[in-house]
Amino acid sequence: MTKIDALRRYLLPCFCPAAAATTVAHTTHTTKKRLSTSLRDDLPENDNSQSPNDDDQDSRSPSPAAAATAAQPRPSKSMVIGTIFGHRRGHVWFCIQHDRLSFKPFLLLEFPILTHQLVNEMRFGLVRIALEGDRSDLGHCPLRSVPVWTMYCNGRKLGFAARRKASDRVRLMLKTMQSTTVGAGVMPSGFGSSDSEEIMYMRANYEHVVGNADSESFHLINPDECPGQELSVFLLRSTNGVSH
């Protein structure tokens, strides 16, 4: 089995059923099942039925625990489109877009991990990438504007990730994939440049969670008909180190 066949074997099942083609482009209206470790959306809602007297009593004498809970800031959540791509023997790139029709990503990072290394990590169903910034150097810089990150993958330090600006080739690739909401595949060699290697990509919806000014994360949302793959990317800025 060649390297490219092995990459297709382990990469494509992350998003495509066994009977699907090499590239998948579809939009689903069914409920998505999120397996990544972020805020829970599957908890049952509380019963809101109360009598008028109960409402009056609650408004007059709120409990200390309820007041403390209400005072805590809640992380904000939103849906974004994430694309992981790269030459099969090159570095992995991570691109985040608010809208698949926009060719200018609001976050573009180059990871030190190679494509075939990431594929090997994904074979086990769990990938957690932590990007750690140093607050002492860039404490007042917006988190997504930090130029260099220390990268950990499943607890192992791999090197440094870098923030990049979208080149014409990246914009062309995003324009080519604008009709793809969820999918994985291979772009032919020489796409957008004179490189002789194919570009492998996988594209999916991610949950974007903003904890505070020093903490954000992106969590893969799995389509219901596909096998479970847990993939999360954390952006963390701390002076005391983080748990990986």
If the chain between Lys165 and Glu197 were fully extended at 0.36 nm per residue, the gain over the current Cα-Cα distance would be 9.3 nm
Here the gain from full extension of Gln178 to Ser78, 0.36 nm per residue of separation minus their alpha-carbon distance, amounts to 34.0 nm
The ³J(HN,Hα) series, computed from each phi in the range 108-113 with the Karplus coefficients 6.51, -1.76 and 1.60 at θ = phi - 60°, rounded to the nearest Hz and given as x for glycine or proline, is 9, 10, 9, 8, x, 6
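Kindly sort Lys77, Lys165 by accessible area of their heavy atoms, largest first, with the probe set to 1.4 Å.
Values: Lys77 85, Lys165 180 Å².
Sorted by accessible area, descending: Lys165, Lys77.
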Distance in nm between Phe106 and Arg123 label points, each 7 Å along Cα→Cβ, equals 3.7 nm
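Fully extended, how many nm does the chain gain between Ser136 and His98 (0.36 nm per residue separation, minus their Cα-Cα distance)?
Working: separation 38, 0.36 × 38 = 13.68 nm, distance 2.99 nm.
Contour length minus Cα-Cα distance gives 10.7 nm.
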Simple spin-label estimate for Asn212/Asn154, 7 Å along Cα→Cβ, in nm, reads 3.1 nm
Sequence order, the range 167-182: Karplus ³J(HN,Hα) from phi using 6.51 cos²θ - 1.76 cosθ + 1.60, θ = phi - 60°, Hz rounded, Gly and Pro as x, gives 7, 4, 5, 5, 5, 5, 5, 5, 5, 5, 9, 5, 8, 9, 8, 9
The Rg/Rh figure for the range 101-191, Cα atoms and Kirkwood Rh, to two decimals is 1.00
Sorted by chain and then number, the residues having a modelled amide H within less than 5 Å of the amide H of Arg123, at least 5 places away or on another chain, are none
The long-range amide H neighbours of Arg164, using H built 1.01 Å from N in the peptide plane and a cut-off of under 5 Å, are Leu108, Leu109, Glu110
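The values are calculated or read from the model by the stated rules, or taken from the named source; none is laboratory data. It should be emphasised that the depicted structure is a prediction, and the values quoted were computed from it without experimental measurement. Counting neighbours? That spans all protein chains shown, and the Cβs are built from the backbone with ideal geometry, glycine included. We work out accessible area using only protein heavy atoms, side chains counted, and drop any ligands, DNA or RNA first. Shrake-Rupley method; radii C 1.70, N 1.55, O 1.52, S 1.80 Å.
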